[in-house]
Structures are given as structure tokens and as C-alpha cells.
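The structure appears below as C-alpha cells.
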Amino acid sequence: QVQLKESGPGLVQPSQTLSLTCTVSGFSLTSNSVHWVRQPPGKGLEWVGAIWSGGSTDYNSALKSRLSISRDTSKSQVFLKMNSLQTEDTAIYFCTLHTVALYFDYWGQGVMVTVSS
Amino acid sequence: DIQMTQSPASLSASLGETVTIECRASEDIYSNLAWYQQKPGNSPQLLIYDANSLADGVPSRFSGSGSGTQYSLKINSLQSEDVASYFCQQYNNYPTFGGGTKLELK
């Protein structure tokens, strides 16, 4: 069955770079697109960006200058890198999958990232 | 970016009551709207897509409606397991979400 699982450091220092991994199973990255969505504690959801089945990427315009999403199809992994982290980037980061249209059928459990010194 | 305005931000209702949550888009999104339910400590779960289509396994007491810029989620006969936060999301363009509605029992 479809599964997505995020992993990465729980704590990142301000101005440093965040690196997260989404490991997927039950589907192919070359046939499906994976997105990142984040949620600050107690707040709403924000689309971060996506890597499409063909390998191209799109990013939230507010984060674009700090963000990179890539993948390793042989390992069924998608990577998120965000630099110049600030406290406002503290959030749960989810990887998600859409199968038909751009709504999200499947979600990972999320990984909490805290930006603090 | 398309802005999604969701109301109310919080809602208190009794068991068995009917509840309605509204979502307004800053421009026409042509029914490209989804609703999610998120229980504390869990990931969001898809409830409704295409404004009014029920996702697999979602109870029929949930329904969605609307068109253009105005959409709503209705929960008939509220159950205790419906206590959660609810979010709308448009996908007519790059995805954006409403601010959420926290539903509690009265």
C-alpha cells in the first residue's frame, strides 16, 4: 500500500540549512508527484513545493529563494533542503502524494522541525 | 496566489447537531476544492474533493457543496469522533489552504 515517511533532524539552528527526506513505498516516483506541506504548531497548512513525476519542481513563491526539492528514484526518496532557516520555519513538515488532481490523498506522519539556538 | 478564507475559526456544537463550515476563494476556483479533517497529533485526511465528492471511506454524514468562490462543508448528525480541525484547500492553481476550523463539542 502507499506509504510516505519523513525523516530529518528535530532541531536546526537559525540561519542553518534544513535537510529532510521522504521515503515512499507502494508507488513509483517516476509516475507520481510528491509534495511538501508544512504546519506551524497550532496553525494552518502551507504548501511548500513539489517534485513532479517528470522530475521538474515547483515551489511556494514565498519560499522559492531558499528551497530545493530533489529525488533519488532508485531509493524511492524525495529530499527537501531549505536554507537560512528562521524561527518562523518551525513547523511539522509533511510529505504528501496526489494521485488524480492537486489534492492530497496520502500523507506521511510528519516530522517536527524546531528552529532554535 | 489564491487566498482561501475559512470561517468560523472555531465552532462548538452538540452531538447530533448539523454543522457547516464555509470557505471563500479570492477568485473563481471552478470547484477545484478539497476538505481535510485533522485530529490532534495526526496528519490531515482527505474528506471531500472536487467540492462535493466524498473520498473513500468517509461517512455519508459529511457533504460538500458550492461553486465559483463560495464553498461549504456540512456535517450532519455530529458524532464525537468528528471533533477535529477542518481545512479547505484549492487546487485550481498552486495549492493554498484555508486557515482552519477547530470543531469542539458543546
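The values are calculated or read from the model by the stated rules, or taken from the named source; none is laboratory data. Only a predicted model underlies this, so the values are computations on that prediction, with no experimental measurement involved. Methodologically, a virtual Cβ is constructed for each residue, glycine included, from the backbone with ideal geometry; neighbour enumeration extends over all protein chains shown. Surface accessibility is based on the protein's heavy atoms, side chains included, excluding ligands, DNA and RNA. Shrake-Rupley method; radii C 1.70, N 1.55, O 1.52, S 1.80 Å.
Quick one: grab the alpha carbon gyration tensor of the protein assembly as shown, order the square roots of its eigenvalues as a ≥ b ≥ c, and give me rounded if a/c is under 1.5, else prolate or oblate depending on whether a/b is larger than b/c. Cα axes put the protein assembly as shown in the prolate bin. Which whole-number percent gives the relative contact order of segment B:54-102, counting Cα pairs below 8 Å spaced six or more residues apart? About 23 percent, as a whole number. With all protein chains kept in place, the per residue accessible area of segment B:10-86 amounts to 46 square angstrom at a probe of 1.4 angstrom.
Take the accessible area of chain B alone and of chain A alone, subtract that of the pair, and you get about 1500 Å² summed over both chains, using a 1.4 Å probe.
Carbon-plus-sulfur fraction of the accessible area of chain A, 1.4 Å probe, in percent? Kindly include the intermediate steps, with their values, before the conclusion.
On the way: 2390 of 5270 Å².
For chain A, the apolar C and S fraction of the accessible surface comes to 45 percent.
Positive-end ranking of A:T17, B:Q6, A:L97 along the dipole of the protein assembly as shown, with charges on Cβ about the Cα centre, is headed by A:T17.
Among the listed pairs A:K43/A:K64; A:K43/A:K75; A:K64/B:K106; A:K64/B:K74; A:K5/A:K64; A:K75/B:K102, give every one whose C-alpha distance is greater than 31 Å.
On the way: A:K43/A:K64 21 Å; A:K43/A:K75 33 Å; A:K64/B:K106 43 Å; A:K64/B:K74 36 Å; A:K5/A:K64 23 Å; A:K75/B:K102 38 Å.
Violating the 31 Å Cα-Cα cut-off are A:K43/A:K75; A:K64/B:K106; A:K64/B:K74; A:K75/B:K102.
For chain B, just say rounded, prolate or oblate: build the C-alpha gyration tensor, square-root its eigenvalues into a ≥ b ≥ c, call rounded for a/c under 1.5, and beyond that prolate if a/b exceeds b/c, oblate if not. Verdict is prolate for chain B.
Roll a 1.4 Å probe over the protein heavy atoms and report the accessible area of B:D1 in Å², nearest 10. Around 130 Å² of this residue is reachable by solvent.
Computed with a 1.4 Å probe over protein heavy atoms only, the accessible surface of chain A comes to 45 Å² per residue. Other protein chain C-beta atoms within 10 Å of residue C-beta, averaged over A:53-60: 1.
Over chain A, the reciprocal of the mean inverse Cα-Cα separation, the Kirkwood hydrodynamic radius, stands at 14.1 Å. Structure remark: mean-square fluctuation, Gaussian network model of chain A, C-alpha springs under 10 Å; the largest value among A:V37, A:V48, A:V100 belongs to A:V100.
In chain B, what % of DSSP beta bridges are antiparallel (nearest 5)? Present the calculation step by step, with values, prior to reporting the outcome.
Numbers: 32 of 36 bridges.
Restricted to chain B, the bridges split so that about 90 percent are antiparallel.
Taking Cα centre as origin and charging only the Cβ of basic (Lys, Arg, +1) and acidic (Asp, Glu, -1) residues, the dipole magnitude of segment B:31-102 rounds to 160 debye.
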